[in-house]
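The values are calculated or read from the model by the stated rules, or taken from the named source; none is laboratory data. Everything numeric in this text was worked out from a predicted model, so none of it was measured. As a convention, Cβ positions derive from the backbone with ideal geometry for all residues, glycine included, and neighbour counts pool all protein chains shown. Ligands, DNA and RNA are excluded from the accessible area calculation, which covers all protein heavy atoms including side chains. Shrake-Rupley method; radii C 1.70, N 1.55, O 1.52, S 1.80 Å.
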Amino acid sequence: MRYLPKSDSERTEMLEACGLSSLNDLIAHLPPEVLQAQALELPPGKSEYEIMDYFRARGDRMANGYASFLGGGVYRHYRPVLADVVVSRSEFLTSYTPYQAEISQGTLMTIFEFQTMICQLTGMEVANASMYDGSTAVPEAALMAARITRRSRILVARGVHPEYRDVLRSSVKHQDLPVVEFGFNLESGEIDLVDLESKLDESVAAVIIQSPNFFGVVENTKAAAALAHQHGALLVSVFTEAVSLGLLEPPTDADIVAGELQSFAISPSYGGPFAGVVATKMAHIRQLPGRIVGQTTDADGKRAFCLTLSTREQHIRREKATSNICTNQALIALMATVFMAIYGKVGLRELAMQNLAKAHYLEDGLERRFSGPFFNEFVLRCGSPEALNEALLGEKIIGGIPLGRYYPELADSMLLCATEMSSREEMDSFKRVCAAQPESLLAKTTA
Amino acid sequence: MVSKVTPHLSQNEPLLFERSSPGKKGYQLPPLDVPSVDPAGALGAGNVRGELKGFPEVSEVETIRHFTRLSTWNYAIDLGLYPLGSCTMKYNPRVNEAAARVEGLAWGHPYQPESLAQGAMEIMAVLERYLAEITGMDAVTLQPAAGAHGEFTGILLMRACLESRGDARSAILVPDSSHGTNPATARMCGYEVVNVKSTSRGLVDMEHFRSLLNPSVAGIMITNPNTLGLFEENISEITRLLHDNGSLVYMDGANMNALAGVSRPGDFGIDVMHLNLHKTFSTPHGGGGPGAGPVAVKRVLEPYLPTPRIVLKDGTYRYDDNLPESIGKVRAFYGNFGVFVRALAYILAHGSDLRNATMDALLNANYLRAGIEPYYDLPYKDRSLHEVVFSDAIQTKLGVKTGDIAKRLIDYGFHPYTTSFPLIVPGAMMIEPTETEGKQELDLFIDAMASIAKEAEENPDLVRNAPHSTRVKRVDEVTAARKPIVRWEAAANDQ
Amino acid sequence: MSNYPANFRYTKEHEWVLVEGDTGAVGITDHAQSELGDIVYVDLPQVGSTMTQGETFGSVESVKAVSDLYAPISGEVTAINDSLAKSPEKLNSDPHGEAWLVKVKLTHPDEIQHLLSAEDYQSYIEG
């Protein structure tokens, strides 16, 4: 077998060195009842050629050749070639967590750069080395807020990604941290500040909002932060569309920022692997979960990097750890780091401007459900999202995410997204299909 | 004698921010084919940020050099043996990477219609089936993002099952040789942790174990083979006693590389376990992620699996999220799909002969053990499976500790083994070679370990001050922790 | 050889207390700091909280270990040593002086009888 680098004669020689005569001697000491009686029921081993064939055939049963207006936490952005080139370097791809600093300076320095750029983007002072994804970063932020405030209730906006809220609920269920939702303004799509205020009291550890929220609407982070702080709670600001930070005011008023970096050169990959991140103010660094890389010097006084503050982690604290999470998403975070380096200060803004322009072009003439400002996603009121999507599929277009599943009151609406990869032609086709619907969906013609 | 490596130059490289200069570009966007939009008008002036202060401006050429230079400062499996115990650092087949980049898969959106996602859904369903076959379990969820996340999911499942029987119970037993994640996980699921002692042979102390069984015990989190690389010979008895007690059995599958094709946890009484696709199933560690931590369960726990589940009906895959007893979602979407593709590619490559990989992993561990045993203390002497734990007891007397020997290995061209774990072995040296090492590489490692043992006797300072050959010497972790510098900041006069 | 002040009282968990009137100053011993190695962080309770003899009231951290702090005596915390946040290294250089941890108003002054004298502590750590 091509992954097993030994000849039979070498095996024999090695067995002899162990004082054994056959491979089966290696398991002769196992209790007989635990030994597997039959061979695994798996197909015979495949060649590389057959393996590629297998996956190409499955890849062909996906959405190749379709235009798509799906967003909702996973975005179609162009992936610079360098991102894959860099993460394909053996030294990044096939290395372990950088515990041995002397032979891991490459990974450590890229993480330090990642942390720095996340701080620059979010207006925070310290970021961790990444987490599993945005959805799992949210409960980590909630638990962190509970530790800091020593309070025990979480308020989360319904405008936060529905799947993120699901993950939040199941993750903190057994940690005496009830989660209460507050609503959105049915007209603007922004958080309902009145509802938020009515639910705030001295027991609330954190108020969690997302901006742009699941409807694509940019939230008033300042107002939410002010309300939370009045009641001694922290504000956690979540982002799912990292490109928006190229143009939007960073959530500096938040105490904790939790986000998803998939937009930064990370393949949609049918939902993962992605990279989440949690960032905060220096005052809270000791409560920040996940790995952190710090700058220091070596024995000769040269600049060097190492994992730091590791006493927060489970391998030292065991049952007293701040979280049971061990890994970050180093390789995926590295894609995001390369992306940020390539676009840089000017490019990220230009990219965000293109997204803004495309989404507003798509929206032009359609009936938008909410009036609040939007970046590259918006909610379309269209009667039957399912019927519209069906019609679009006929034109090789994947429409938007029907919202009824998550918000019964929005069953007549879908969430649409346009990015720099949405061409004018595709968007015009989308509008043509809308216009051709029995009950026209173009606002202008229905009005 | 150091025979594996020769020192060579490596390039210096500043931080990206120190390479930055206004006007340099690494990107070019296509011309905008729609009218541009005034951000202040569309978003409100107060919502538009100023300049992205500090963000780099570098060219494409500098970018690739930057990251390529940095990459050369790392050790990697592709450079040689990476014997970290319990980490299963095996070769990461490159066809797996190519498979994960197949266009329809890499660009699949989790919300695309099921009719346009059949390929991805089939991949997940087949992987679930194969993992169930390998573990001897009945059902699998792929959703957890990593091993610790799988543990968390597994204990939530146990808890949900016990709650449905009327009592979630209050305690989880954890052997003292376990990974630190186990007790952390039990706590996160609202359980008290009760430690189970090990015997002088390094196995669960059955007398102590029996004395802990009572109606408050929800279950055990057991690693088998344990972190000493030893098979828990009483495992069938342990699982039987727990079941008789109304408890459930969780197995930490971190060491599944010792069992695949040889022994199935489902057959020795395990109710729920996680797998680390980035260990046993060869997906790359990537410098610390991504991984994936699927959880396999027996029928009794299936109703509680995270939502949604994939079902096959009339030749078509569908998502079922009508699962009233489910613990809910533990991660958005379906999990780390790109990692599933790689793991399935690995299983397809070995196929029904997966057992051969396991047997070679056991052979390699035992071969290293035989080669190293003359020079180092071996506290637990039962036959090793996929890894072996030595201690620094002999060298400590000379003032040389496990951490020093580990650092000295770097000079010999190897990544160190796992130091100071498991906690029950003072000065532990935990070594796992995996099956993807050839005899030559193992011989070089044995030579290195023998040579370091000799150095410890003749010139302990040489070992104590190692490494001597790396770009950076030992780093000052104390100052890093006392005065954390966790991001780059422009000097005041640069701004 | 370390110098353990005779007017302090000590615990087997390596904390000390110096009682003056109804107030006690609490710290860790020289032996504790030397066992821990370079201390990088100390987690202290809030002023106004109470501590109970024998129970944990905080923790000290080195690079790779965390140790709980056990209250040598019960009382209400009236002051914490803020300077340790910026300079945890003082715990290594002057554990019996500048690096006191907290001051407490004693609620059970007679508890001091359960603590070790300097001489007893010295023989405890040497034994």
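Among the residues of the range B:85-128 satisfying the criterion of being hydrophobic (A, V, I, L, M, F, W, C) and under 20 Å from the mean Cα position of the chain (by Cα), which is farthest from the other protein chains (Cβ to nearest Cβ)? Let's see the steps before the verdict.
Within the range B:85-128, the subset hydrophobic (A, V, I, L, M, F, W, C) is B:87, B:89, B:95, B:98-100, B:102, B:105-107, B:116-117, B:120-121, B:123-127.
From the residues that got through so far, the ones that are under 20 Å from the mean Cα position of the chain (by Cα) too are B:87, B:89, B:100, B:127.
Values: B:CYS87: 6, B:MET89: 6, B:ALA100: 7, B:LEU127: 11 Å.
For the range B:85-128, the residue satisfying everything is B:LEU127.
(1) open to solvent by 10 Å² or more (accessible area, probe 1.4 Å); (2) assigned to a helix (DSSP H, G or I); (3) at pLDDT 95 or above: which one isn't true of A:LEU143, the others all being true?
Tallying (1) open to solvent by 10 Å² or more (accessible area, probe 1.4 Å); (2) assigned to a helix (DSSP H, G or I); (3) at pLDDT 95 or above, A:LEU143 fails exactly one: (3).
Just a yes or no: is a residue in the range A:431-440 under 24 Å from the mean Cα position of the chain (by Cα), at pLDDT 95 or above, charged (D, E, K, R) and open to solvent by less than 40 Å² (accessible area, probe 1.4 Å)? Let's see the steps before the verdict.
Of all residues in the range A:431-440, those under 24 Å from the mean Cα position of the chain (by Cα) come to none.
There is no residue in the range A:431-440 that is under 24 Å from the mean Cα position of the chain (by Cα), at pLDDT 95 or above, charged (D, E, K, R) and open to solvent by less than 40 Å² (accessible area, probe 1.4 Å).
If you go through the range A:16-32 one residue at a time, how many are facing another protein chain (nearest Cβ under 7 Å) and either more than 26 Å from B:PHE268 (Cβ to Cβ) or loosely packed, with under 11 Cβ neighbours inside 10 Å (or both)?
Of the residues in the range A:16-32, the ones facing another protein chain (nearest Cβ under 7 Å) are A:17-18, A:23, A:26-27, A:29-31.
Next cut, either more than 26 Å from B:PHE268 (Cβ to Cβ) or loosely packed, with under 11 Cβ neighbours inside 10 Å (or both) only: A:17.
Total satisfying the criteria: 1.
Do you know which residues across the range B:1-33 are closer than 22 Å to A:VAL81 by Cα and of a type in the set (A, V, I, L, M, F, W, C)?
B:LEU15, B:LEU16, B:PHE17, B:LEU29, B:LEU32
Mind listing whichever residues of the range A:175-196 are closer than 23 Å to B:SER326 by Cα, assigned to a loop (DSSP other than H, G, I, E, B) and in contact with a strand residue (DSSP E or B) (Cβ under 9 Å, 6 or more places away or on another chain)? If you could, list the steps in order and put the result at the bottom.
The first filter runs over the range A:175-196 and keeps only residues closer than 23 Å to B:SER326 by Cα, leaving A:175-181.
Narrowing further to those that are assigned to a loop (DSSP other than H, G, I, E, B): A:175-178.
The answer is A:LEU177, A:PRO178.
For residues that are more than 8 Å from chain B (Cβ to nearest Cβ) and under 17 Å from the mean Cα position of the chain (by Cα), tally how many sit in the range A:112-139.
Of the range A:112-139, the ones more than 8 Å from chain B (Cβ to nearest Cβ) are A:114, A:118, A:122-124, A:128, A:131, A:137-139.
Retained after the next criterion (residues that are under 17 Å from the mean Cα position of the chain (by Cα)): A:114, A:118, A:122, A:128, A:131, A:137-139.
Count: 8.
Would you point out the residue of the range B:6-43, among those that are open to solvent by 60 Å² or more (accessible area, probe 1.4 Å) and either among the β-branched types (Val, Ile, Thr) or in contact with a Pro (Cβ under 8 Å, 6 or more places away or on another chain) (or both), that is nearest to the other protein chains (Cβ to nearest Cβ)?
Among residues in the range B:6-43 that are open to solvent by 60 Å² or more (accessible area, probe 1.4 Å) and either among the β-branched types (Val, Ile, Thr) or in contact with a Pro (Cβ under 8 Å, 6 or more places away or on another chain) (or both), the one nearest to the other protein chains (Cβ to nearest Cβ) is B:ARG19.
Mind counting the residues in the range B:129-138 that are of a type outside the set (S, T, N, Q), more than 9 Å from chain A (Cβ to nearest Cβ), part of a helix (DSSP H, G or I) and crowded, with 18+ Cβ neighbours inside 10 Å? Let's see the steps before the verdict.
We begin by selecting, within the range B:129-138, every residue of a type outside the set (S, T, N, Q); these are B:129-134, B:136-138.
After this cut, where a residue has to be more than 9 Å from chain A (Cβ to nearest Cβ) as well, the list is B:129, B:131-132, B:137-138.
Filter once more, so that each one left must be part of a helix (DSSP H, G or I): B:129, B:131-132.
Narrowing further to those that are crowded, with 18+ Cβ neighbours inside 10 Å: B:131-132.
So the count comes out to 2.
Within the range B:285-296, is even one residue open to solvent by 10 Å² or more (accessible area, probe 1.4 Å) and more than 9 Å from chain A (Cβ to nearest Cβ)?
Taking the range B:285-296 as the starting set, the residues that turn out to be open to solvent by 10 Å² or more (accessible area, probe 1.4 Å) are B:285, B:290.
Then keep just the ones that are more than 9 Å from chain A (Cβ to nearest Cβ); that gives none.
No: zero hits.
Do we have any residue at all in the range B:116-128 that's more than 30 Å from B:GLN440 (Cβ to Cβ) and assigned to a loop (DSSP other than H, G, I, E, B)?
Going through the range B:116-128, the residues more than 30 Å from B:GLN440 (Cβ to Cβ) turn out to be B:116-128.
Narrowing the set further to residues that are assigned to a loop (DSSP other than H, G, I, E, B) leaves B:117.
Looking for residues that are more than 30 Å from B:GLN440 (Cβ to Cβ) and assigned to a loop (DSSP other than H, G, I, E, B), one finds at least one in the range B:116-128, hence yes.
Quick test of your reading of the structure: A:ILE285 fulfils all but one of (1) within 14 Å of B:GLU477 (Cβ to Cβ); (2) open to solvent by 10 Å² or more (accessible area, probe 1.4 Å). Name the failing condition by number.
(1)
Say whether the condition of being under 30 Å from A:ASP176 (Cβ atoms), in the same structural domain as B:LEU131 (by TED's automatic domain parsing) and touching a residue at least 60 places away in the same chain (Cβ under 8 Å) is met by at least one residue in the range B:182-194.
There is at least one residue in the range B:182-194 that is under 30 Å from A:ASP176 (Cβ atoms), in the same structural domain as B:LEU131 (by TED's automatic domain parsing) and touching a residue at least 60 places away in the same chain (Cβ under 8 Å).
Which one is nearest to the other protein chains (Cβ to nearest Cβ), of the residues in the range B:297-329 that are farther than 20 Å from B:ALA168 by Cα and among the polar types (S, T, N, Q)?
Looking at residues that are farther than 20 Å from B:ALA168 by Cα and among the polar types (S, T, N, Q), I get B:THR307.
Restricting to the range B:394-409, what's the tally of residues that are in contact (Cβ under 8 Å) with a residue 40 or more places away in the chain and either under 19 Å from B:THR6 (Cα atoms) or among the aromatic types (Phe, Trp, Tyr) (or both)?
Qualifying residue count for the region: 3.
For the range A:324-348, give me each residue that is modelled with pLDDT under 95 and open to solvent by less than 10 Å² (accessible area, probe 1.4 Å). Before the answer, list the steps.
Going through the range A:324-348, the residues modelled with pLDDT under 95 turn out to be A:324-329.
If the condition is that a residue be modelled with pLDDT under 95 and open to solvent by less than 10 Å² (accessible area, probe 1.4 Å), then A:ASN324, A:ASN328, A:GLN329 are the ones that fit.
Please report, ordered by residue number, the helices (runs of 4 or more DSSP H) entirely within the range B:391-495 with at least 3 residues that are aliphatic (A, V, I, L, M) and within 14 Å of chain C (Cβ to nearest Cβ).
Here the list reads B:477-482.
Run down A:GLU425, A:GLU420 and say which single residue is open to solvent by 40 Å² or more (accessible area, probe 1.4 Å), at pLDDT 95 or above, among the charged types (D, E, K, R) and under 30 Å from the mean Cα position of the chain (by Cα). Show your work before the answer.
Details: A:GLU420 fails: open to solvent by 40 Å² or more (accessible area, probe 1.4 Å).
One residue alone meets the criteria, A:GLU425.
Looking only at residues that are within 19 Å of the chain's Cα centre (by Cα) and open to solvent by less than 10 Å² (accessible area, probe 1.4 Å) in the range A:78-103, which one is farthest from A:SER244 (Cα to Cα)?
A:VAL87
With a cut-off of at least 1 residues that are over 25 Å from C:GLU20 (Cβ atoms), name the strands (runs of 3 or more DSSP E) lying wholly within the range C:33-127.
Working: elements: C:39-43, C:56-62, C:66-70, C:75-80, C:102-106.
Once the strands (runs of 3 or more DSSP E) in the range C:33-127 are filtered for at least 1 residues that are over 25 Å from C:GLU20 (Cβ atoms), what remains is C:39-43, C:56-62, C:66-70.
Given A:GLU386, A:GLU395, A:GLU377, which one is over 30 Å from A:GLU249 (Cα atoms) and either within 13 Å of another protein chain (Cβ to nearest Cβ) or buried (at least 24 other Cβ atoms within 10 Å of the Cβ) (or both)? Working first, answer last.
Details: A:GLU395 fails: either within 13 Å of another protein chain (Cβ to nearest Cβ) or buried (at least 24 other Cβ atoms within 10 Å of the Cβ) (or both); A:GLU377 fails: over 30 Å from A:GLU249 (Cα atoms).
Within the list A:GLU386, A:GLU395, A:GLU377, the selection yields A:GLU386.
Could you tell me which residue of the range B:453-494 is most open to solvent (accessible area, probe 1.4 Å), considering only residues that are in contact with a helix residue (DSSP H, G or I) (Cβ under 8 Å, 6 or more places away or on another chain) and of a type in the set (S, T, N, Q)?
Only one residue tops the list, namely B:SER469.
If you take the residues in the range A:45-85 that are in contact (Cβ under 8 Å) with a residue 40 or more places away in the chain and among the basic types (Lys, Arg), which one is nearest to the other protein chains (Cβ to nearest Cβ)?
Selected residue: A:ARG76.
Give B:GLU432, B:GLU437 a once-over and let me know the one that is crowded, with 21+ Cβ neighbours inside 10 Å, assigned by TED's automatic domain parsing to the domain that holds B:HIS386 and touching a His at 6+ places or on another chain (Cβ under 9 Å).
B:GLU432
Given the residues A:GLU409, A:GLU390, A:GLU420, A:GLU350, which is the only one that is in a helix (DSSP H, G or I), charged (D, E, K, R) and within 30 Å of B:LYS25 (Cα to Cα)?
Values: A:GLU409 fails: within 30 Å of B:LYS25 (Cα to Cα); A:GLU390 fails: within 30 Å of B:LYS25 (Cα to Cα); A:GLU420 fails: in a helix (DSSP H, G or I).
Exactly one residue qualifies, and that residue is A:GLU350.
Would you mind telling me which numbered condition in (1) assigned by TED's automatic domain parsing to the domain that holds B:ALA260; (2) open to solvent by 10 Å² or more (accessible area, probe 1.4 Å) B:PRO110 fails?
Exception for B:PRO110: condition (2).
From the set of residues in the range A:153-174 that are of a type in the set (Val, Ile, Thr) and not in a helix (DSSP H, G or I), which is nearest to the other protein chains (Cβ to nearest Cβ)?
Of all residues in the range A:153-174, those of a type in the set (Val, Ile, Thr) come to A:154, A:156, A:160, A:167, A:172.
Next, from what is left, pick out any that are not in a helix (DSSP H, G or I): A:154, A:156, A:160.
On the way: A:ILE154: 16, A:VAL156: 14, A:VAL160: 11 Å.
Once the filter is applied, the top-ranked residue is A:VAL160.
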